[in-house]
Amino acid sequence: MKKIFLIVLALFLSAPLAAFAADITVAAAANVQFTLEDLKAEFTKETGVEVKSVIGSSGKLTSQVENGAPFDVFLSADMKYPKKIYQDSFSAQAPKVYAYGVLVLWTTKDLDLSKGIAVLSDAGVQKIAIADPKVAPYGREAVNALKFYQLYDSLQKELVLGESISQANQFIATGAADIGFTAKSVVLAPNMQSKGKWMEIDPKSYKPIAQGVVVLKYGDQNHSKEAHEFYDFLFSPAAQEIFKKYGYNLP
């Protein structure tokens with residue numbers, strides 16, 4: 001028995017540390033959905049830690065965090081929500097900007113995007129999809145862009161609100177909306193590149209979309225090593241290349 005015990009102990013001690021690493025759950029704003037798949041794959045390759053993801057609007061994810069959801073790390077679409085989480089003592093440290101998002105117009109219809117944002121006033125545009133500005137930062141900045149160009153009042157009745165940018169994307173991709181506002185990271189995703197056409201919105205027309213990340217209190221208390229490793233990984237050269245691939249600007 002002693003010999004068997006020693007053999008089992010030796011096998012245990014010689015096993016890779018990654019084999020005993022805990023899985024973590026990352027809550028992420030919908031604009032990061034496709035980017036996160038590449039980030040997760042690269043992080044797991046480097047560390048052996050598996051990453052599960054929960055996707056939603058930044059506002060709804062914040063509510064879930066503050067109602068006890070077991071998330072380890074939160075990637076928001078802005079800094080407002082992670083700052084609230086920090087101020088309400090649900091994170092291990094103050095948030096940090098991991099990327100700047102870029103707002104685009106996207107359509108699968110035969111619309112002339114060379115007109116710029118003025119295309120929204122075309123007779124062929126009856127429904128314009130945006131994420132709900134109350135909970136989704138990209139929706140909020142879409143409204144700011146419309147107001148900048150003095151189009152919001154005339155087009156307000158044509159706006160179709162998605163619960164998150166993910167639902168707004170569905171409206172656009174399926175043609176349920178004629179055109180809509182989304183993130184550049186979405187239209188650059190491999191499975192979206194062949195769908196429709198898009199144009200960037202002039203960044204002077206909306207506030208910079210500074211996207212923040214925090215290690216949540218749950219992650220700090222339950223999977224501290226792995227959660228902080230993922231947080232640090234987001235600022236590594238490998239992760240920054242992935243963010244650039246999906247059209248984000250780096251801090």
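Among what's in the stretch 40-67 and is among the small types (G, A, S) and either in contact (Cβ under 8 Å) with a residue 40 or more places away in the chain or part of a helix (DSSP H, G or I) (or both), pick the residue that is farthest from Y138 (Cα to Cα).
A41
For Q150, all conditions in the list (1) on the phi > 0 side of the Ramachandran plot; (2) touching a residue at least 60 places away in the same chain (Cβ under 8 Å) hold save one; what is the number of the exception?
All conditions pass for Q150, except number (2).
Within the stretch 211-251, how many residues turn out to be assigned to a strand (DSSP E or B) and open to solvent by 20 Å² or more (accessible area, probe 1.4 Å)?
So the answer is 1.
State all residues of the stretch 68-90 that are open to solvent by less than 50 Å² (accessible area, probe 1.4 Å), of a type outside the set (D, E) and in a loop (DSSP other than H, G, I, E, B); if no residue qualifies, say none.
A69, F71, S76, A77, M79
Let me spell it out: the conditions are (1) more than 22 Å from Q167 (Cβ to Cβ); (2) open to solvent by less than 50 Å² (accessible area, probe 1.4 Å); (3) at pLDDT 95 or above; (4) not in a strand (DSSP E or B), and Q93 meets all of them except one. Which number is the exception?
Of (1) more than 22 Å from Q167 (Cβ to Cβ); (2) open to solvent by less than 50 Å² (accessible area, probe 1.4 Å); (3) at pLDDT 95 or above; (4) not in a strand (DSSP E or B), only one is false for Q93: (3).
Please tell me if T47 is among the polar types (S, T, N, Q), at pLDDT 95 or above and under 23 Å from Q167 (Cα atoms).
no
Against the definition (on the phi > 0 side of the Ramachandran plot and touching a residue at least 60 places away in the same chain (Cβ under 8 Å)), how does G196 come out, yes or no?
yes
Identify all residues within the stretch 114-141 that are acidic (D, E) and either part of a helix (DSSP H, G or I) or under 20 Å from V186 (Cα atoms) (or both); write none if there are none.
Selection gives D132, E141.
Hey, among A136, A131, which residue is open to solvent by less than 10 Å² (accessible area, probe 1.4 Å) and touching a Pro at 6+ places or on another chain (Cβ under 9 Å)?
Step by step, each of A136, A131 is checked, and only A131 is open to solvent by less than 10 Å² (accessible area, probe 1.4 Å) and touching a Pro at 6+ places or on another chain (Cβ under 9 Å).
Working carefully through the options Q156, Q170, find the one that is touching a Gly at 6+ places or on another chain (Cβ under 8 Å) and open to solvent by 50 Å² or more (accessible area, probe 1.4 Å).
After applying the criteria, what remains is Q170.
When only residues in the stretch 142-177 that are in a helix (DSSP H, G or I) and under 15 Å from the mean Cα position of the chain (by Cα) count, which is nearest to L188 (Cα to Cα)?
Filtering the stretch 142-177 for residues that are in a helix (DSSP H, G or I) and under 15 Å from the mean Cα position of the chain (by Cα), the one nearest to L188 (Cα to Cα) comes out as N169.
If I filter the stretch 28-39 down to residues being open to solvent by 10 Å² or more (accessible area, probe 1.4 Å) and in contact (Cβ under 8 Å) with a residue 60 or more places away in the chain, which single residue comes out as nearest to F235 (Cα to Cα)?
Per the criteria, the residue is D38.
Quick check on the stretch 187-200. Is at least one of its residues assigned to a helix (DSSP H, G or I) and polar (S, T, N, Q)?
No, the conditions are met nowhere in the stretch 187-200.
The values are calculated or read from the model by the stated rules, or taken from the named source; none is laboratory data. In this text, all values refer to a predicted model and were calculated from it rather than measured experimentally. Counting neighbours? That spans all protein chains shown, and the Cβs are built from the backbone with ideal geometry, glycine included. Ligands, DNA and RNA are stripped out before the accessible areas are found, and what is left, the full protein with its side chains, is counted by its heavy atoms. Shrake-Rupley method; radii C 1.70, N 1.55, O 1.52, S 1.80 Å.
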